[in-house]
Amino acid sequence: MDNLNVLIVEDCVLMAEALEDLFADNGVQVVAKANSVQSAFAALADHAVELVCLDIDLCGESSFAVAEHLASCAIPFVFVTAVERRKLPPAYQQRPFVRKADIPTQLLSTCRQATQQDFAAMEAV
């Protein structure tokens, strides 16, 4: 995952910084951080992004519109969230997913998998 350009979409500043540090320690470039759906779309317009870490609940706003856009553009993404997987819409049930509690042990390996799999054929919501 060296030199991979990542966007972090997370409304908690401390969590976004922790994710950025984790990536930096592993040779991954965080090109932008966004804390809302609007700022996520702006970051996607401004940066060449190869992977997105996507929180689902952004201050009470769902990020599924961002997920739909990413799927339609074939940009890999990983849900990094406190929301339980079973609460995801059916179209997203098989997407890469890391619970925030499991970040230290699962995030990097899940991100590697996300960038190696082809989700373009999966139907967008």
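The values are calculated or read from the model by the stated rules, or taken from the named source; none is laboratory data. The structure presented is a predicted model; accordingly, all values stated were derived computationally and were not measured. We place every Cβ from the backbone using ideal geometry, glycine too, and count neighbours over all the protein chains shown.
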**Asked** Does at least one position in the stretch 35-45 carry a residue that is without any contact (Cβ under 8 Å) to a residue 60 or more places away in the chain and under 17 Å from ALA101 (Cα atoms)?
**Response** no
**Message:** Quick check on the stretch 51-66. Is at least one of its residues over 16 Å from ASP11 (Cα atoms) and of a type outside the set (A, V, I, L, M, F, W, C)?
**Reply:** no
**Request:** Specify the residue that is surrounded by the fewest Cβ atoms within 10 Å (Cβ to Cβ); the eligible residues are those in the stretch 12-33 that are part of a helix (DSSP H, G or I) and in contact (Cβ under 8 Å) with a residue 12 or more places away in the chain.
**Result:** VAL13
**Message:** Being over 13 Å from the mean Cα position of the chain (by Cα) and small (Gly, Ala, Ser) is the requirement here; does ALA91 meet it?
**Reply:** yes
**Request:** Residue by residue through the stretch 51-74, note down the ones that are in contact (Cβ under 8 Å) with a residue 40 or more places away in the chain, more than 22 Å from VAL28 (Cα to Cα) and not in a helix (DSSP H, G or I).
**Result:** ASP57, LEU58, CYS59, SER63
**Item:** Lone qualifier among THR115, THR81, THR105, THR110 - being of a type in the set (Ser, Thr, Tyr), at pLDDT below 95 and in contact with a Lys or Arg (Cβ under 8 Å, 6 or more places away or on another chain)
**Value:** THR81
**Message:** Can you say whether VAL9 is touching a Ser or Thr at 6+ places or on another chain (Cβ under 7 Å), hydrophobic (A, V, I, L, M, F, W, C) and modelled with pLDDT of 95 or more, as far as the supplied structure shows?
**Reply:** yes
